[in-house]
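Student: Have a look at the structure that comes next, please.
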Amino acid sequence: MLNFAYHSPKTLADAIDAIRNSGGDILAGGTTMVDLMKIGVHEPPALVDITGLADLEGHEIGPDRIRFGALARMTHVADDADLVSVAPVLTESLWKAASPQLRNVARLGGNILQRTRCPYFRDTAYSQCNKRDPGSGCAALDGGETSHHAILGGSSGCVAMYPGDWAQALIAFDAEVHTQGPAGRRTIPFADLHVLPGDTPEIETILQPGEIVTGITVPVVPALKASHYLKARDRESYAFASASAAVGVELDGDTVRDVRIALGGVATTPWRARAAEDSLKGKPLTEKTAREAGRIAFADAKDLKGSAYKIKLGADVVAGALMTAKSRAQGGE
Amino acid sequence: MAQTINTAVTRTDAPRKVTGSATYAADVMPAGMLHGALATSAIAVGTLARIDTAKAEAEPGVIAVFTHENLPDYKPVKGFYAGGPGSASFWPMENARIRYAGQPIAYVVAQTAAAARRGAQLIEARYETDESRITMDADDSFVVGAGEDREGMVTTKGDLAQGLATAAQTVEAEYITPFQHHNPMEMFAATAEWRGDRLTVWMPSQSVRTLRAGIAQAYGLAETSVRVISPFVGGAFGSKAGITPYTMLTIAAAKAVGAPVRLIVTRPQMYTVATFRPESVQRFRLGADAEGKLTAFEHIEMSQTSQFDEVVNPGTHMTRAMYACPNIHTEQRLSRSDTNTGGFMRAPNEMQTFFGLEQAMDELAIKLGMDPVELRRINDTDRHPVADVPFSSRSLMESYDAVARSFGWADRTPEVGSMTDGDWLVGYGCATATYPTNILASNARVRMQGTGLAYIELAAHDVGTGTYTIMAQIAAARLGLPVEACDVVMGEGDMPVAPISGGSTTAASAGSAVHDACIKIGHQIAVQVSAMPQGPLSGVDPAQIALENGILTAPDGQTQPLIEAVASTPEGEVEVIGEFRHKAMTDEMIKATFQGGYGTAGPVTPEMAMFAFGAEMVEVRVHRWTHEIRVPRLHGAFAAGTILNRKTAHSQLMGGMIWGIGSALHEVTETDKPRARFLNTNIAEYLIPVNADVREVRVEMLDERDDYVNPLGVKGIGELGIVGTAAAIANAVHHATGKRLRQLPIRMSDLV
């Protein structure tokens, strides 16, 4: 079988040491890591199981910031009724992710770092995958099936989709990621955590070896209360997004004071649609301006074979999400 | 004794299944058992230039690695479509040839399953790659069996051109269906154990007789030297019918290493090592006069097949039975591509073809300005339009009327987009379902004891459908016993012959054999008790003694309970073999079935056409913003002769309808065209509907009597439920949005 060393440190410092000494990877819920190990895509020499680090569990809602431990379970956070009323986008995007079984096991730190579902990445029978085997090429772009691939943020070497949902809520609301590693602690703006594939699609984040995500914070702003995550998917119960939008608005009368828009199911990384936000600021939010914002969000999209539908679908989803957020801002549902 | 037929009886095997004590093939662990794993080909077409097994062999726990270079005693069998018991005619690992992606190239045996799988991952193969194509090409199709006499592959009646020329309205369209895979919950598995030249194979099977006969023949063994054991099957749907390479490789590997070997095929490998539903293009041309009566009916079915088999599941044989029409032309065509051989998947002739036919009828109704139900009514027929024989029973319009009542069809406003609810566009659609009544020869052994217990034994299968329960019900009804007093054992190759559990045959065919055995028990006991010096039936002509609900009755009204009569015999028990042979079965059909083949006398005999019918109605909602498609309501009404068990039958029909939702909206095996591989080979991305995707599904089972099909009057219901669903949903999507979607699955991407 695939042999690997297994460590279960009791402190964060021990965990960092264990990773450094073993050259291994972090194991939390394992829903991505174990999966990739079973299919032969990822073969770390060691796993450092951090689920014993109780300090990293839980979450709390403060007046200025909402703090999530890296080991908080998706289910626990999604089910928090207080969070639903303060920041619906943060619970809705968890609820619409994965299946109940996966949400019970998966942790938030791992959730934001989940790997792509690109079938060419996940099947070692394909010799071409720059993400799995740098420099080997891209089977998807070499005539492959690309209807589920990214239309934003891709490169000539990789168009693998970032599959997550919660990350869209985080990037939309200027979340920060807190880490600890061999070089000490640092705080990273969520928008800087993931990097575009460019020529190095094997590098997905700026995290350094041994650097552990310890928590995530989200500043509380008025638009968070009138927020919404809308996910369009081919199967209602459980499917990756065909297109999704995490949005929030703060209105002054009918006029947009603050607006947040992030896109899922369409990009290689979590994706903030700033130009679309800018198009709405200071203007009334109507079906017309919402649709225009949706159009602008995809102005730079580069459709691949079979994926053109995502441009229209994504724009409609942005517009639909904004209209729900508006209704929430005005005291409706 | 309470009535047991046509009642709702809870599955007798339910406690065993929910407590985990039911033994499935992968649960058995013969002493000393080793584990197998497959390595499969990365390319579709070409040659293995080199296969390096050194790393795999060096892996701790690995006992042996077999490739085409060193596998002794591996015995291919002939493929099903060439008249044999195999799933395909091409057998990988006989040589270095690669003919489809994912074909087995090596078989690893190890002490643990993990070591075996790791060993398989460590196999290094180098290939010489040739051109390949995974999808069919409708422009490059050929008529099945051209040049040979393969009956019915082309049908012509009347003058199609004339029928089209005189039509007031015509519809001409192509409907496209994708590759689909069965994805049964239970993985493919095989465990083989040799003891000398006696072989035992445990594996989930829809045909233990086929398996035993095929293996015995391949290895030159007596059938009695081969045991095939399959008491429980965790879903099959057509995928566990034939003998596959993974089974024969496991048998060969077990022989080579001198120990029992168990293989559990991985989920991704399940997409390539057995069969699937081939993709298809259904071309229809319909013409009707102003009143809606069909004047022309043309159906050309083009479906995908492998390079080495001709997969013929003649869907035109089903569509041409549907509606009255004087001018009919049908053709059954194939197009080859580089895959393993496809096969049967739940309603293999019907799902794809009715997706086409029932949308074409909807399109025709719209052109005629008619209600789509009325178009079916005006073209309903009590004679088979081509064979020109009467239907043994046909309750199509009764089904439509029943489902229209429960669904509220009268509330439908016909204009496209005329029904909305907030941000949802609402559509109602309907479609016809039919399924042929296949009847095959079957035997069954029934032993009844004077203690009031009965044992029923036959080589039939419970593929999750409730067969154990209905066999007990059939015996209980005639013998006058409680259902729980009738112990049914099935699923072994040396039991009395029963047919393949495929084509919705088991209840009708195997059930009729059990029924016959119980009648024979009555006859035999009548002979014995009438010859006794005393007793209530002493001296009565045994031929005049009737058995009904467990009571033997003489013409003069004298009665004796069967249990008491059996107890009074010297043996205290009686054992008989029941037989089901239909007058329409030829000797060739019976022989074929006894040899493990498919000798059905249905659906069309020289006297009658035998089909079950039904109608489905569906409400679809399409969201204005997300374009998501939802199915809040799906109703069906079906008439399939006698319903043996109202609970398990309901589940079968409902399960079929839910599968139809999957076919309509979810299921597709995606393809990588440059490298000719199936892509989404896991159930995270091969979508099927789960509980949370299914809302109201209502099933109505109509009373229908059919004295021709078999003594029980049973037609099959295992596949009927899926047949109309996809077309009904497509028709409803059109009604909601005005978009006519002629390709499955229907997705948001089609509606933006």
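Student: Quick one: would you say B:VAL699 is β-branched (Val, Ile, Thr), crowded, with 21+ Cβ neighbours inside 10 Å and more than 30 Å from B:THR40 (Cβ to Cβ)?
Tutor: yes
Student: Output the residue which, of all residues in segment B:591-631 that are within 14 Å of chain A (Cβ to nearest Cβ) and assigned to a strand (DSSP E or B), is surrounded by the fewest Cβ atoms within 10 Å (Cβ to Cβ).
Tutor: Per the criteria, the residue is B:ARG630.
Student: Is it the case that some residue within segment B:114-124 is more than 14 Å from chain A (Cβ to nearest Cβ), surrounded by fewer than 18 Cβ atoms within 10 Å (Cβ to Cβ) and assigned to a strand (DSSP E or B)?
Tutor: The answer is no, given that none of the residues of segment B:114-124 is more than 14 Å from chain A (Cβ to nearest Cβ), surrounded by fewer than 18 Cβ atoms within 10 Å (Cβ to Cβ) and assigned to a strand (DSSP E or B).
Student: Given the condition within 17 Å of the chain's Cα centre (by Cα), under 17 Å from B:VAL28 (Cβ atoms) and either outside the structural domain of B:ASN349 (by TED's automatic domain parsing) or in contact (Cβ under 8 Å) with a residue 12 or more places away in the chain (or both), answer yes or no: does some residue in segment B:242-262 qualify?
Tutor: No, the conditions are met nowhere in segment B:242-262.
Student: For segment A:96-105, state whether one or more residues are farther than 15 Å from B:ASP672 by Cα, more than 14 Å from chain B (Cβ to nearest Cβ), surrounded by fewer than 20 Cβ atoms within 10 Å (Cβ to Cβ) and out of contact with any helix residue (DSSP H, G or I) (no Cβ under 7 Å at 6 or more places or on another chain).
Tutor: yes
Student: Condition check: farther than 25 Å from A:ILE61 by Cβ and part of a strand (DSSP E or B). Does A:LEU263 satisfy that? I'd like the intermediate steps shown before the answer.
Tutor: Working: farther than 25 Å from A:ILE61 by Cβ: yes; part of a strand (DSSP E or B): yes.
Against the criterion (farther than 25 Å from A:ILE61 by Cβ and part of a strand (DSSP E or B)), A:LEU263 qualifies.
Student: Then there's this: Which one is surrounded by the most Cβ atoms within 10 Å (Cβ to Cβ), of the residues in segment A:313-329 that are more than 9 Å from chain B (Cβ to nearest Cβ) and of a type in the set (D, E, K, R)?
Tutor: By that ranking, first place goes to A:LYS326.
Student: Select, from A:LEU90, A:LEU83, the only residue that is in contact with a Phe, Trp or Tyr (Cβ under 8 Å, 6 or more places away or on another chain), of a type outside the set (Gly, Ala, Ser), more than 14 Å from every other protein chain (Cβ to nearest Cβ) and more than 30 Å from B:SER41 (Cβ to Cβ).
Tutor: Among A:LEU90, A:LEU83, only A:LEU90 is in contact with a Phe, Trp or Tyr (Cβ under 8 Å, 6 or more places away or on another chain), of a type outside the set (Gly, Ala, Ser), more than 14 Å from every other protein chain (Cβ to nearest Cβ) and more than 30 Å from B:SER41 (Cβ to Cβ).
Student: Moving to a separate point now. List the number of the failed condition for B:VAL618; all other conditions in (1) within 30 Å of B:ILE43 (Cβ to Cβ); (2) modelled with pLDDT of 95 or more hold.
Tutor: In the conditions (1) within 30 Å of B:ILE43 (Cβ to Cβ); (2) modelled with pLDDT of 95 or more, B:VAL618 misses (1) alone.
Student: Restricting attention to strands (runs of 3 or more DSSP E) lying wholly within segment B:1-81, give those where 1 or more residues are on the phi > 0 side of the Ramachandran plot.
Tutor: B:46-52
Student: When you scan segment B:653-676, do you find a residue that is surrounded by fewer than 24 Cβ atoms within 10 Å (Cβ to Cβ), of a type outside the set (D, E, K, R), more than 30 Å from B:PRO385 (Cβ to Cβ) and more than 14 Å from chain A (Cβ to nearest Cβ), even just one?
Tutor: yes
Student: Let me ask you something else. Could you tell me which residue of segment B:261-282 is farthest from the other protein chains (Cβ to nearest Cβ), considering only residues that are among the hydroxyl-bearing types (Ser, Thr, Tyr) and in a loop (DSSP other than H, G, I, E, B)?
Tutor: Result: B:THR275.
Student: Say we look at segment A:162-192 and pick out the residues that are over 13 Å from the mean Cα position of the chain (by Cα) and of a type in the set (A, V, I, L, M); which of these is surrounded by the most Cβ atoms within 10 Å (Cβ to Cβ)?
Tutor: Only one residue fits best here, namely A:ILE188.
Student: Name the one entry in B:GLU310, B:GLU301, B:GLU279 that is crowded, with 21+ Cβ neighbours inside 10 Å, of a type in the set (Asp, Glu) and within 30 Å of B:TYR107 (Cα to Cα).
Tutor: B:GLU279
Student: Another question, then. Working only within segment A:124-143, note down all residues that are within 12 Å of chain B (Cβ to nearest Cβ) and surrounded by 24 or more Cβ atoms within 10 Å (Cβ to Cβ). Reasoning before the result, please.
Tutor: Looking only at segment A:124-143, we keep the residues that are within 12 Å of chain B (Cβ to nearest Cβ), and these are A:124-128, A:137-143.
Those that are within 12 Å of chain B (Cβ to nearest Cβ) and surrounded by 24 or more Cβ atoms within 10 Å (Cβ to Cβ): A:TYR126, A:CYS138, A:ALA139, A:ALA140.
Student: Quick check on this structure: which one of A:VAL218, A:VAL195, A:VAL213, A:VAL159 is of a type in the set (A, V, I, L, M), within 13 Å of the chain's Cα centre (by Cα) and more than 14 Å from chain B (Cβ to nearest Cβ)?
Tutor: Criteria check complete, one pass: A:VAL195.
Student: Across segment A:39-53, what is the number of residues that are under 30 Å from A:SER85 (Cα atoms) and modelled with pLDDT under 95?
Tutor: 0
Student: Give segment B:66-108 a look and list any residue that's among the hydroxyl-bearing types (Ser, Thr, Tyr), surrounded by 22 or more Cβ atoms within 10 Å (Cβ to Cβ) and away from every other protein chain (no Cβ under 14 Å), or say none.
Tutor: B:TYR81, B:SER87, B:TYR107
Student: When segment A:230-246 is examined, which residues are found to be farther than 17 Å from B:LEU751 by Cα, touching a strand residue (DSSP E or B) at 6+ places or on another chain (Cβ under 8 Å) and within 12 Å of chain B (Cβ to nearest Cβ)?
Tutor: Listed by number, the residues that qualify are A:LEU230, A:ALA245.
Student: Another question, if that's okay. For segment A:144-156, which residues satisfy the criterion of being more than 10 Å from chain B (Cβ to nearest Cβ) and either in a loop (DSSP other than H, G, I, E, B) or among the hydroxyl-bearing types (Ser, Thr, Tyr) (or both)?
Tutor: Filtering segment A:144-156 for residues more than 10 Å from chain B (Cβ to nearest Cβ) gives A:146, A:149-156.
Result: A:THR146, A:HIS149, A:ALA150, A:ILE151, A:GLY153, A:GLY154, A:SER155, A:SER156.
Student: Quick one: in segment A:281-302, which of the residues that are within 22 Å of the chain's Cα centre (by Cα), in contact (Cβ under 8 Å) with a residue 24 or more places away in the chain and buried (at least 16 other Cβ atoms within 10 Å of the Cβ) is nearest to the other protein chains (Cβ to nearest Cβ)?
Tutor: Checking each candidate, the answer is A:GLY294.
Student: Let me ask something else about it. Out of (1) assigned to a helix (DSSP H, G or I); (2) under 19 Å from the mean Cα position of the chain (by Cα); (3) not aliphatic (A, V, I, L, M), the odd one out for A:SER85 is which?
Tutor: Among (1) assigned to a helix (DSSP H, G or I); (2) under 19 Å from the mean Cα position of the chain (by Cα); (3) not aliphatic (A, V, I, L, M), the lone unmet condition for A:SER85 is (2).
Student: Return yes when B:ALA115 is farther than 30 Å from B:SER337 by Cα and modelled with pLDDT of 95 or more and no when it is not.
Tutor: yes
Student: Report every pair of residues separated by at least 6 positions or lying on different chains whose Cβ atoms are under 7 Å apart, first residue within segment B:420-438 and closer than 14 Å to B:GLY660 by Cα, second among the β-branched types (Val, Ile, Thr) and surrounded by fewer than 23 Cβ atoms within 10 Å (Cβ to Cβ).
Tutor: Within 7 Å, the pairs are B:CYS430/B:VAL373.
Student: Sort out which residues of segment B:423-453 are more than 30 Å from B:ALA601 (Cα to Cα), at pLDDT 95 or above and assigned to a loop (DSSP other than H, G, I, E, B), and write them in order of number. Talk me through it step by step, then tell me what you get.
Tutor: The initial filter retains those residues of segment B:423-453 that are more than 30 Å from B:ALA601 (Cα to Cα), namely B:423-430, B:448-453.
Going one step further and asking which of them are at pLDDT 95 or above, we end up with B:424-430, B:448-453.
Correct list: B:GLY450, B:THR451, B:GLY452, B:LEU453.
Student: Additional query: Can you work out which of the residues in segment B:566-583 that are without any contact (Cβ under 8 Å) to a residue 60 or more places away in the chain and either touching a helix residue (DSSP H, G or I) at 6+ places or on another chain (Cβ under 6 Å) or not basic (Lys, Arg) (or both) is nearest to B:ASN443 (Cα to Cα)?
Tutor: B:GLU571
Student: Given the structure, is B:SER504 surrounded by fewer than 24 Cβ atoms within 10 Å (Cβ to Cβ) and farther than 20 Å from B:THR12 by Cβ?
Tutor: Here the answer is no, as B:SER504 does not meet what is asked.
Student: Just to be sure, is A:GLU277 among the acidic types (Asp, Glu), within 14 Å of chain B (Cβ to nearest Cβ) and either buried (at least 20 other Cβ atoms within 10 Å of the Cβ) or within 20 Å of the chain's Cα centre (by Cα) (or both)?
Tutor: No; evaluated as a whole, the condition is false for this residue.
The values are calculated or read from the model by the stated rules, or taken from the named source; none is laboratory data. All values derive from a computational prediction rather than experimental measurement. Quick reminder, even Gly has a Cβ in these numbers, built from the backbone with ideal geometry, and neighbours come from all protein chains shown.
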